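Chemist: Following this message is one structure expressed as structure tokens.
The values are calculated or read from the model by the stated rules, or taken from the named source; none is laboratory data. What you are looking at is a predicted structure, and each value in this text was computed from that prediction instead of being measured. Cβ coordinates were reconstructed from backbone atoms using ideal geometry, including for glycine residues, and neighbour counts include every protein chain displayed.
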Amino acid sequence: MKLFSSRSSHAANNGGAKKLSAAAIAIILVVVMAIGGTVALLMDSTDSVTNKFAPASSGITIEEEVKENCKTEIAVKNTGDTGVYVRVSLVANYYDENGNITGGAEVPDFTLNSDKWFVGNDGYYYYKQPVAAGDVTDNLLASGSKMQLEDNMQVTVLAQSIQASPTSVVHDKWGVTVNSDGTLAK
């Protein structure tokens, strides 16, 4: 007598195999979906964004007026797009008829517009206020003052600017004090 028929034994195993196959397929599908979702998430990207940051530009030009061998005005215009502090140095030289420098000279005497400018410990003339973009400093020479040039003498104006903000840079680079109201001092 047979306890189990091959058919019934096969049928019982076939049902278990189907359940096992269905469970394995379900697990495989979950794993595939998880991997696919992770890959899709990792590969997802956004459009590139253009950085529209533009640094401030600092630029200056010197404005002078010379009449009958006298300088009557020395000013500096801010041609940049941000506020700046300005300092000026004056260099005097003699030159020959061909324009060649023949020797150094003393800067002629003049009266400083001390309401707007001061002489630093380094010999530079400092404009006390920051100069806004497009603005011009007041005249370095006091009202009614002039700088009388000798024959064959040239006084060259050398100007420098530094961005007005942050003020700590002005102090660090030029060695002047920036007061709480933004004015410069020795």
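Chemist: Taking G59, is it small (G, A, S) and in contact with a Gly (Cβ under 6 Å, 6 or more places away or on another chain)?
Modeler: When the stated conditions are applied, G59 passes them.
Chemist: Going residue by residue through the stretch 97-113, is there one that turns out to be at pLDDT below 95, of a type outside the set (G, A, S) and surrounded by 10 or more Cβ atoms within 10 Å (Cβ to Cβ)?
Modeler: yes
Chemist: Okay, next question. Given the residues D138, D115, which is the only one that is within 23 Å of C70 (Cβ to Cβ), touching a residue at least 24 places away in the same chain (Cβ under 8 Å), under 32 Å from the mean Cα position of the chain (by Cα) and part of a loop (DSSP other than H, G, I, E, B)?
Modeler: Within the list D138, D115, the selection yields D138.
Chemist: Right, next: With the requirement that a residue be assigned to a strand (DSSP E or B), closer than 18 Å to L149 by Cα and either within 23 Å of the chain's Cα centre (by Cα) or among the acidic types (D, E) (or both), what does the stretch 63-87 give you?
Modeler: If the condition is that a residue be assigned to a strand (DSSP E or B), closer than 18 Å to L149 by Cα and either within 23 Å of the chain's Cα centre (by Cα) or among the acidic types (D, E) (or both), then E63, E64, E65, E73 are the ones that fit.
To keep it simple, each residue is scored yes or no on (1) out of contact with any strand residue (DSSP E or B) (no Cβ under 9 Å at 6 or more places or on another chain); (2) surrounded by 18 or more Cβ atoms within 10 Å (Cβ to Cβ).
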| position | (1), (2) |
| --- | --- |
| N78 | no, yes |
| Y94 | no, no |
| D115 | yes, no |
| Y127 | no, yes |
| S143 | yes, no |
| E150 | no, no |
| V157 | no, no |
| S161 | no, yes |
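Chemist: Right, something else. Just the residues that are of a type in the set (D, E, K, R) and under 18 Å from I74 (Cβ atoms), please, taken from the stretch 147-186.
Modeler: If the condition is that a residue be of a type in the set (D, E, K, R) and under 18 Å from I74 (Cβ atoms), then E150 is the only one that fits.
Chemist: What about N121, is it over 18 Å from E73 (Cβ atoms), assigned to a loop (DSSP other than H, G, I, E, B) and in contact with a Lys or Arg (Cβ under 9 Å, 6 or more places away or on another chain)?
Modeler: yes
Chemist: On to the next question. Given the structure, is S165 in contact (Cβ under 8 Å) with a residue 40 or more places away in the chain and in a strand (DSSP E or B)?
Modeler: no
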